[in-house]
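The values are calculated or read from the model by the stated rules, or taken from the named source; none is laboratory data. Just so it is clear, the model here is predicted, and its values are computed rather than measured. A quick note on method: Cβ atoms are made from the backbone with ideal geometry, for glycine too, and the neighbour counts reach across all protein chains shown.
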Amino acid sequence: MCIECGCGSDQVRIDEQAHDCGSRRVSVERDLLAENNRYAEANRRRLLQNNTLALNLLSSPGSGKTTLLTRTLAELKQSLPMAVIEGDQQTANDAERIRATGVQAVQINTGKGCHLDAHMVGHALEKLPGLDNGVLFIENVGNLVCPASFDLGEARKVVILSVTEGEDKPLKYPDMFHAADVMLLNKIDLLPYIDFDVDQCIEYARRINSEIEMLQLSATRGDGLDVWYDWINRQREILLSVSVGANLAEPA
């Protein structure tokens with residue numbers, strides 16, 4: 001059971017006062033998200049002040065998220081400051097893979113929690129100096145449900161879907177694909193060997209979110225990585241323009 005949001009409870013109870021319980025549950029959820037959003041705004045201000053692009057990486061387990069991240073770090077670390085906040089329920093295995101690239105990483109173990117929240121990220125940011133004009137990758141807990149609801153202060157949400165998962169995932173987990181700014185379709189090198197309809201998957205995702213960007217790549221073979229890196233640089237340029245505009249708007 002998630003100790004943060006209450007999902008995943010092993011007990012389901014239906015009673016005659018369901019409407020009252022539902023009202024209380026909605027109130028608790030609103031309070032929880034409102035508190036999280038306050039922390040998220042503080043994180044966003046801190047990141048904006050330092051011109052740091054924060055990308056929240058979201059996926060189910062096994063999508064190739066960490067493989068994509070380690071390759072991205074290895075190939076871009078000479079050109080800009082980068083760091084990673086790594087979220088897992090247990091172990092520091094992925095954080096160790098990140099550190100092996102020479103990039104700093106902070107591990108957050110959520111225990112029974114199924115997602116990172118903005119308060120956790122805020123504490124981790126305190127341990128990551130020297131990210132001015134750089135990129136912070138937040139590798140969220142592998143889960144296509146709860147992380148969609150929690151703003152961490154990131155500039156963009158990036159959902160990673162592998163072709164081995166099935167093209168109907170956007171319909172099964174609509175909140176995640178509705179919240180995402182871009183979908184990375186990973187493991188396209190496996191397309192000749194599996195039954196996966198790329199066009200259908202893209203149509204499903206755009207049915208949920210007509211504005212979502214689509215990038216196709218293979219983190220292992222390298223297909224499409226240049227487009228992914230170009231996308232990151234484009235988001236940095238957008239962030240810089242926002243930061244300049246915010247500074248100009250401040251009173252002298």
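Structure notes:
- Flag for Lys172 being surrounded by fewer than 17 Cβ atoms within 10 Å (Cβ to Cβ) and farther than 20 Å from Gly62 by Cβ: no
- Output for region 79-115, where each listed residue is closer than 27 Å to Leu32 by Cβ, free of Cβ contacts under 8 Å to residues at least 40 places away in the same chain and touching a Ser or Thr at 6+ places or on another chain (Cβ under 9 Å): Gln90, Gln107, Asn109
- Check on Gly222, at pLDDT 95 or above, under 19 Å from Gln235 (Cβ atoms) and in a loop (DSSP other than H, G, I, E, B): no
- Unique match (being under 26 Å from Leu144 (Cα atoms) and modelled with pLDDT under 95) among Ala124, Ala83, Ala92: Ala92
- The single condition from (1) out of contact with any Ser or Thr (no Cβ under 8 Å at 6 or more places or on another chain); (2) more than 20 Å from Thr67 (Cβ to Cβ); (3) in a helix (DSSP H, G or I) that Asp175 fails is (1).
- Lone unmet requirement of (1) touching a strand residue (DSSP E or B) at 6+ places or on another chain (Cβ under 8 Å); (2) outside any strand (DSSP E or B); (3) more than 23 Å from Ile188 (Cβ to Cβ) for Asn51: (1)
- Just one of the listed residues (Lys112, Lys169, Lys187, Lys157) is modelled with pLDDT under 95 and of a type in the set (Lys, Arg), and it is Lys112.
- Residues that are under 19 Å from Asn56 (Cα atoms) and either outside any loop (DSSP other than H, G, I, E, B) or at pLDDT below 95 (or both) within region 196-219 comprise Ala205, Glu213, Met214, Leu215, Gln216, listed in sequence order.
- Selection within region 56-78 - touching a residue at least 24 places away in the same chain (Cβ under 8 Å), surrounded by fewer than 20 Cβ atoms within 10 Å (Cβ to Cβ) and either outside any helix (DSSP H, G or I) or among the acidic types (Asp, Glu) (or both): Ser60, Pro61, Gly62, Glu75, Lys77
- Matching option when the condition is surrounded by fewer than 22 Cβ atoms within 10 Å (Cβ to Cβ), farther than 30 Å from Gly113 by Cβ and aliphatic (A, V, I, L, M), among Leu190, Leu131: Leu190
- The set of residues in region 145-189 that are within 15 Å of the chain's Cα centre (by Cα) and among the acidic types (Asp, Glu) comprises Asp151, Glu154, Asp175, Asp181.
- For region 84-102, a residue qualifies if it is among the aliphatic types (A, V, I, L, M) and crowded, with 20+ Cβ neighbours inside 10 Å, and the qualifying residues are Val84, Ile85, Ala95, Ile98.
- Qualifying residue in region 24-39 (condition: touching a His at 6+ places or on another chain (Cβ under 9 Å), in contact (Cβ under 8 Å) with a residue 24 or more places away in the chain, crowded, with 18+ Cβ neighbours inside 10 Å and part of a helix (DSSP H, G or I)): yes
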